[in-house]
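A.B. asks: Quick one: structure below, then a few questions.
Every read-out reported here was derived from the displayed coordinates using simple, explicitly stated rules and does not represent laboratory data. The structure presented is a predicted model; accordingly, all values stated were derived computationally and were not measured. All Cβ positions, glycine included, derive from the backbone under ideal geometry; neighbour counts span all protein chains shown.
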Amino acid sequence: MESNQKNKTTTSNITSKPTQEKEEPQTGIGRFFSKVGYSIWIAVMVVGGIIAFLVSLLVL
């Protein structure tokens, strides 16, 4: 019976820590690659959007 009491968890025992939305790298190299990767991703999304727009014009 005692082991069951140890395994019980209630909402008062559970603590949630707020998490950051985006974790910044600590090193300069990590920051550089994260910014370059983000910029390349945005460029790919823009090119993909333009291609999708042109394809939609062809379908009309």
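A.B. asks: With a point put 7 Å past each Cα toward its Cβ, work out how far Phe53 is from Lys35 in nm, to one decimal.
C.D. replies: With each label placed 7 Å out from Cα toward Cβ, I get 2.8 nm.
A.B. asks: Also, quick follow-up: Taking θ as phi - 60°, what are the ³J(HN,Hα) couplings along the range 30-36 by the Karplus curve (6.51, -1.76, 1.60), each to the nearest whole Hz, with x for Gly and Pro?
C.D. replies: x, 5, 4, 5, 5, 6, 5
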